[in-house]
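J.: Sharing a structure with you now.
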Amino acid sequence: MSCFRPTERVRDIEYPIRDVIPYAKQVAKTGKTIYYLNIGDPNAFDFDTPQHIKEALIKAVGDRSNAYSPSEGLSELREAISQKEKRVNDVEVSPDDVIVTSGISEGIQMVMATLVNPGDEILLPGPAYPPYIAYTKFFGGTPVTYQTVEENGWQPNVDDIRRKVSEKTKAIAIINPNNPCGALYEEKIVKEIADLAAEFAEAEEQALQRAEQPL
């Protein structure tokens, strides 16, 4: 069997949530009971999938509705998501701007693949859900964590975000509700972060326009 060297981008990936599992399994071999709380899996404990969802899945298979769906997701689902955003968050999102993914990690990967060029920086809350960090590194970017304040319910420190924005900053990620802390960010703070991003984006756009003007 021939050997091969994995790429540097693969070797550098860390995922603490799953990296602990091999060690936990070694401990389990000694006879100790291990509860795997590193992954949020309600079905493994006391939450069962609601019966109507189970029945809908069975019916879909029986009706042969389990073929490949459109890459962007079923139009009915994207329309429902659009309506929910309007109803719950009062945000206008066109169904054409909705993409359905197989879990959030695939969505994060797609976003990072679209945004990150080598050398770009992505601002992330600390602590952050590990895939945000892993995918930023995978595509050649640098994750930069901004402070969330434990004494204030893990709310983001907007002043710290401002200090860490640089000419290399490509995006500011807001994980809300936060994973892993579970904090729900205050509306005022989310707006301040959005305003901060808009401020720097406008300044960058003006700088680009000046650079393109003939001397």
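J.: In sequence order, what are the phi-derived ³J(HN,Hα) couplings for the range 59-66 according to the Karplus relation 6.51 cos²θ - 1.76 cosθ + 1.60 with θ = phi - 60°, rounded to whole Hz, with x for glycine and proline?
T.: Those phi angles translate into 5, 4, 5, x, 8, 6, 9, 10 Hz.
J.: For a 30 Å ceiling on Cα separation, which of these pairs sit above it: Lys54/Lys191; Lys168/Lys191; Lys32/Lys137; Lys54/Lys137; Lys59/Lys84; Lys25/Lys59? It would help to have the intermediate numbers written out before the result.
T.: Details: Lys54/Lys191 39 Å; Lys168/Lys191 22 Å; Lys32/Lys137 36 Å; Lys54/Lys137 38 Å; Lys59/Lys84 25 Å; Lys25/Lys59 38 Å.
Where the Cα-Cα span goes over 30 Å, the pairs concerned are Lys54/Lys191; Lys32/Lys137; Lys54/Lys137; Lys25/Lys59.
J.: If we count other beta carbons within 10 Å of each Cβ, what is the order of Val158, Val27, fewest first?
T.: The order, fewest Cβ neighbours first, is Val27, Val158.
J.: Averaging sequence separations of C-alpha pairs under 8 Å and six or more residues apart, then dividing by the length of the range 103-212, give the relative contact order as a whole percent. Show your work: numbers first, answer last.
T.: Working: 141 pairs, mean separation 27.5, N = 110.
Taking the mean separation of contacting Cα pairs over the length of the range 103-212, I get 25 percent.
J.: At most 16 other Cβ atoms within 10 Å and a DSSP loop assignment: could you name the GluC sites (Glu not before Pro) in the range 27-123 that fit?
T.: Details: sites: Glu55, Glu72, Glu76, Glu79, Glu85, Glu92, Glu106, Glu121; in loops: Glu72, Glu92.
Listed in order of number, the matching sites are Glu72, Glu92.
J.: To continue, here is another question. Filter the trypsin sites (Lys or Arg not before Pro) in the range 28-81 down to the DSSP loop ones having no more than 14 other Cβ atoms within 10 Å, then list what survives. Before the final figure, lay out each step's value.
T.: Details: sites: Lys29, Lys32, Lys54, Lys59, Arg64, Arg78; in loops: Lys29, Lys32, Arg64.
When the trypsin sites (Lys or Arg not before Pro) of the range 28-81 are filtered for loop state and at most 14 Cβ neighbours within 10 Å, Lys29, Lys32, Arg64 remain.
J.: Picking from Pro127, Pro50, Pro177, which is most flexible by a Gaussian network model of the chain using Cα springs under 10 Å?
T.: Comparing Pro127, Pro50, Pro177 in a Gaussian network model of the chain, the most mobile one is Pro50.
J.: Among [x] 25, 23, 16; [y] 38, 17, 15; [z] 34, 27, 22, find the value of semi-axes √(5λ) of the Cα gyration tensor in Å that was calculated from the structure presented, and write down its label.
T.: Computed from the coordinates, semi-axes √(5λ) of the Cα gyration tensor in Å corresponds to [z].
J.: Could I ask something else about it? Choose one answer from Ile53, Ile161, Ile122: the residue with the largest mean-square fluctuation in a GNM of the chain with alpha-carbon springs under 10 Å.
T.: It is Ile53.
J.: Separate question: Round to the nearest 10 and give me the degree value, 0 to 90, for the angle of helix 187-212's Cα axis relative to the longest principal axis of the chain.
T.: Relative to the chain, helix 187-212 is tipped by roughly 50 degrees.
J.: Let me ask something else. Go ahead and set up a Gaussian network model of the chain, Cα springs under 10 Å, then flag whichever of Tyr15, Tyr132, Tyr68 fluctuates most.
T.: For the chain, modelled as a Gaussian network with Cα springs under 10 Å, the answer is Tyr68.
J.: Nearest 5 is fine: what % of DSSP beta bridges in the chain come out antiparallel, could you say? Please report the intermediate quantities before stating the final value.
T.: Working: 2 of 11 bridges.
Close to 20 percent.
J.: Amide H of Thr145: which non-local residues (sequence gap of 5 or more, or other chain) have their own amide H closer than 5 Å, using H built in the peptide plane?
T.: Counting only residues 5 or more places away or on other chains, the set is Leu124.
J.: Determine the calculated [θ] at 222 nm for the chain from helices alone, applying -39500 (n - 2.57) to every DSSP H run no shorter than 4 residues and normalising by the residue count; nearest 500 deg cm²/dmol. Before the final figure, lay out each step's value.
T.: Working: 9 runs with 97 residues, N = 215.
It comes out at -13500 deg cm²/dmol, rounded to the nearest 500.
Every number here is computed from the coordinates shown, using simple stated rules; none is lab data. Please read these numbers as outputs of a predicted model, since none were measured by experiment. Neighbour counts run over all protein chains shown; Cβ positions are idealised from the backbone, glycine included.
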